[in-house]
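These notes are about the structure you will find just below.
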């Protein structure tokens, strides 16, 4: 099978993704973004590495889709509209035509879903696992970015969608979750791991009503503690209020320790938001209009103590880990 050099990979498979006029068909050394939004340019960057963020033998199209989706999730949490992105792709060896086609098709699916286009980047040789790094640019809302630093004591805490699905999907793929789930439930959880769903349609509600927001990438427990630390507050969460899919609930019913995976496992790419009580009804209505479920899970509290997670009987839940961290010591 034909192997592709850097020039062929770019010209035949990546350049067709660069529909933005400022990309110049990936034939120049830089892109040009004109007419920048008066509200500001939101910028985020995330890298994904084979063997860390996805499996070595995953379809490259799935890995490409996820790489773009997790960056879009950051923009969504800041209430920004996607505009364009750059990508660095590092490969151990020259890719086959089949690999390049699957990879570019995955990016094309994500671009079409999220309304964004490639404008440039780099292709390089990796000395080890292959990886993708994406920098995404978005148009800030008229308010600017919704920070993670604005939560106030008394604010209500909300999360979008359902939590824990992706982490449970990962456990299924690792073989550490029991076989008690139906095939449909297993397929659902694995799909949630492979294909994050950035909540772009929730952006107007966040911009209008949230004092603080961030996407949940490393687990609710860790990301909530980050929001609290940045805002100088604490929080109290009711574990029974955590929104679960039918598949996740089935996992918990069969393995009670699965609730810790749900709280700490990561890869949710849902949105965590703090909303003042007097704006809660309006936020819920706006979320309903956006067709994004938003569940109230707790309250922001005064003080600097770590967030508390309370079980149904009112006792505090002791978590063995807080979430996923790179370079954990």
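The values are calculated or read from the model by the stated rules, or taken from the named source; none is laboratory data. All values reported here derive from a predicted model rather than from experimental measurement. Every residue, glycine as well, gets a Cβ built from its backbone with ideal geometry; the counts of neighbours run over all protein chains shown.
Output the residue which, of all residues in the range 1-19 that are more than 15 Å from residue 85 (Cβ to Cβ) and touching a strand residue (DSSP E or B) at 6+ places or on another chain (Cβ under 8 Å), is surrounded by the fewest Cβ atoms within 10 Å (Cβ to Cβ).
1
Quick check on my filter: what residues within the range 239-283 are in a helix (DSSP H, G or I), touching a residue at least 24 places away in the same chain (Cβ under 8 Å) and more than 22 Å from residue 312 (Cβ to Cβ)?
Scanning the range 239-283 gives 277, 279, 280, 282, 283.
Within the range 145-181, can you find the residues that are farther than 26 Å from residue 234 by Cβ and in contact (Cβ under 8 Å) with a residue 12 or more places away in the chain?
Correct list: 165, 166, 168, 169, 170, 171, 172, 173, 177, 178, 180, 181.
Determine, yes or no, whether residue 128 is touching a strand residue (DSSP E or B) at 6+ places or on another chain (Cβ under 9 Å), surrounded by 16 or more Cβ atoms within 10 Å (Cβ to Cβ) and either within 22 Å of residue 298 (Cα to Cα) or assigned by TED's automatic domain parsing to the domain that holds residue 111 (or both).
Answer is no for this residue.
Of all the residues that make up the range 160-193, how many are in contact with a helix residue (DSSP H, G or I) (Cβ under 8 Å, 6 or more places away or on another chain), under 18 Å from residue 65 (Cα atoms) and surrounded by fewer than 21 Cβ atoms within 10 Å (Cβ to Cβ)?
Final tally of qualifying residues: 3.
Step by step: first the residues of the range 142-175, then only those that are touching a strand residue (DSSP E or B) at 6+ places or on another chain (Cβ under 8 Å) and not in a loop (DSSP other than H, G, I, E, B), then the one that is farthest from residue 212 (Cα to Cα). Which residue is that?
Taking the candidates together, the pick is 160.
A quick yes/no check of all residues on (1) assigned by TED's automatic domain parsing to the domain that holds residue 276; (2) at pLDDT below 95; (3) in a strand (DSSP E or B):
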| residue | (1), (2), (3) |
| --- | --- |
| 179 | yes, yes, no |
| 191 | yes, no, no |
| 207 | yes, no, no |
| 215 | yes, no, yes |
| 227 | yes, no, no |
| 236 | yes, no, yes |
